[in-house]
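Asks: This is the structure, below, for whatever I ask next.
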Amino acid sequence: MAPRVDPVPSDETMPTRTQVVVVGGGIIGVCTAFFLARQGVPVVLCEKGEIAGEQSSRNWGWCRKMGRDPLEIPLSVEALRLWAEMNTLVEAETGFRRCGIVYLCKSQLDLTKKEAWLEQAGRPHQIDSHLLTRDQMARVLPGLAGTWAGALYTASDGRAEPQHAGPAIALAARRLGAIVLTSCAVRGVETAGGRVSGVVTERGRIDCASVVLAGGVWSRLFCGPLGLTLPQLKVMSSVMRTEKLPDGPETSCSGDGFGLRRRLDGGYNVASWSANVADIVPDTVRFMPDFLPALSMQWGNLRLRLGGAFFRELTTPKRWALDAASPFERVRVLDPPPYRPILREAQRNITAAFPVFNAMKVAETWGGVIDVTPDAIPVISGTDTLPGFFIATGFTGHGFGIAPGAGRLMAQLVTGETPVVDPTPFRFGRFAERPRPVPSALA
């Protein structure tokens, strides 16, 4: 069920002291560890399962500036700049290619929304996005069928390979001096004098001055014992991988009910453009006022489901002793089954748009759980109430594409360097402010 991820063996020896501990070995955690190690900062990366085992290997692999929330665009620009250098920086294949991305618009209303983003966000940030006519769409996407009102296209956007990129960056961080520990859950943070003094892992304690939580969907649970309320919910995406398919589009694109990305192996990742499953859990009720604007914007795309997830989360301990097994050790890798109805819809939609996909053979399917925030903007921030504790989470499905920029920004916040972009939009404290933060209508 889970996609096959390049293995990263654990370091055998666990240090008792370092400067920074990064909790979580997804794409955000490994990029943070890489940029810290590149600055010569002693860093230990702790992952409860395997590197990039959860959503970081299960996403589409898009690396884009187009369509971003205006507040996120500067970070995505930096991320794309770094992606273009990433194979050289890590001395390995991450799969990054500038292939371009197209948003196909079925209706004039959809095209008008894309044009509004272009005028109000894309052009002010000098993004090379532009609208395509039907003839131009045919040249960019050979084999495109159906009736389309137009499209938005960004040639400089790209793609990478999620199952290769995270492990390659983790191994590069190790070559620069980082310690990488897998199957090593961090149970919690210890403090002294009102600030971070270390972490307790299932393998023992590590003294440190700073902790970066890059725990994805586990971040809210981790924050609870520290007295930090992180409004975060989960959404499950379903993806399928095809066998090699000749003559398909090179450019990544999304359309009415589908999204696609060509892989280095000649196959494709195919998914629904926006249909996802949201399990109703206790936090759904708890954070309803925070998420109501986002839910109203996405109501038609979410398949709400009440089932076992509610009772699992209801009975999950919210606090635990650091000398006993934590919830993070009970579930090493989240590996949910995909939601088949959504995948069947995506297959019908993609074959209607690209008849070449009538010959597609599905090689693999999987589900992945996405960590979402009320305003669909990540947290990349320190915390005022606990000096030395930093959070990088809530990327709302954008984490893979902006990970290099986010990792570099977090490394700069930890070390006190001048940040590459303004970190204010990503501050943790915004959730306590009123009015509540809401998603941008332009994203």
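Read-outs throughout are calculated quantities, based only on the coordinates presented, and are distinct from any laboratory measurement. Model, not experiment: these values are computed from the prediction. We place every Cβ from the backbone using ideal geometry, glycine too, and count neighbours over all the protein chains shown.
Asks: Only Cα pairs under 8 Å and at least 6 apart count here; give the relative contact order of the chain as a rounded whole percent.
Replies: Numbers: 1035 pairs, mean separation 109.0, N = 443.
Value for the chain: 25 percent.
Asks: To the nearest 0.05, what FRET efficiency results for residue 135 and residue 316 with a Förster distance of 60 Å applied to their C-beta separation?
Replies: 0.65
Asks: Restricting to region 20-432, what percent of DSSP beta bridges are antiparallel, rounded to 5?
Replies: Antiparallel bridges: around 70 percent, rounded to the nearest 5.
Asks: With Cβ to Cβ distances under 14 Å as the rule, what net charge do the other residues near residue 56 carry (K, R +1; D, E -1)?
Replies: Surrounding charge for residue 56 is -4.
Asks: To the nearest 10 degrees, how steep is helix 162-175 against the longest Cα principal axis of the chain, on a 0 to 90 scale?
Replies: In the chain, helix 162-175 runs at an angle near 40 degrees to the longest axis.
Asks: What is the sum of charges around residue 4, taking Lys and Arg as +1, Asp and Glu as -1, for the other residues whose C-beta is under 12 Å from the C-beta of residue 4?
Replies: Numbers: positive: 58, 241; negative: 6, 50, 161, 265, 364.
Around residue 4, the surrounding residues sum to -3.
Asks: Mind checking the angle between helix 288-298 and the chain's longest principal axis? C-alpha axes, 0 to 90 degrees, to the nearest 10.
Replies: 20
Asks: A further question on this structure: Calculated from DSSP H runs of 4 or more alone, at -39500 (n - 2.57) each and per residue, what is the 222 nm mean residue ellipticity of the chain, nearest 500?
Replies: Computed mean residue ellipticity for the chain: -8500 deg cm²/dmol.
Asks: Taking the highest mean first, how do the peptides 215-222, 190-197, 420-427 order by number of other beta carbon atoms within 10 angstrom per residue?
Replies: Numbers: 215-222: 23.6, 190-197: 13.4, 420-427: 17.0.
Ranking, from highest mean packing down: 215-222, 420-427, 190-197.
Asks: Could you pull out which residues in region 260-304 have an amide N less than 17 Å from a spot 7 Å beyond the Cα of residue 364, following the Cα-Cβ vector?
Replies: 261-271
Asks: Another question, then. With r defined as the distance between the Cβ atoms of residue 286 and residue 183 and R0 fixed at 35 Å, what FRET efficiency is calculated, to the nearest 0.05?
Replies: Once rounded, the FRET efficiency stands at 0.65.
Asks: Name the aspartates and glutamates eligible as straight-distance cross-link partners of residue 106: C-alpha to C-alpha under 18 Å, and not fewer than 8 places from it in the same chain.
Replies: The qualifying aspartates and glutamates are 115, 135, 256, 345.
Asks: Determine, from the Cβ-Cβ distance of residue 438 and residue 81 and an R0 of 30 Å, the FRET efficiency 1/(1 + (r/R0)^6), rounded to the nearest 0.05.
Replies: Calculated transfer efficiency: 0.55.
Asks: Out of the GluC sites (Glu not before Pro) in region 72-162, which ones are loop residues according to DSSP with at most 15 other C-beta atoms within 10 Å?
Replies: Those that pass, being in a loop and sparsely packed, are 91, 93.
Asks: Over 28 Å between Cα atoms, which of 48/244; 113/244; 113/234 qualify?
Replies: Working: 48/244 33 Å; 113/244 34 Å; 113/234 26 Å.
In this structure, 48/244; 113/244 exceed 28 Å between Cα atoms.
Asks: Another question, if that's okay. Name the trypsin sites (Lys or Arg not before Pro) in region 1-78 that are in a loop by DSSP and that have at most 11 other C-beta atoms within 10 Å, would you?
Replies: Of the trypsin sites (Lys or Arg not before Pro), the ones in loops of region 1-78 whose Cβ has at most 11 other Cβ atoms within 10 Å are 4.
Asks: Note the angle between two axes, namely the Cα long axis of helix 108-117 and the longest principal axis of the Cα atoms of the chain, as a number of degrees from 0 to 90, rounded to the nearest 10.
Replies: Result, in degrees: 50.
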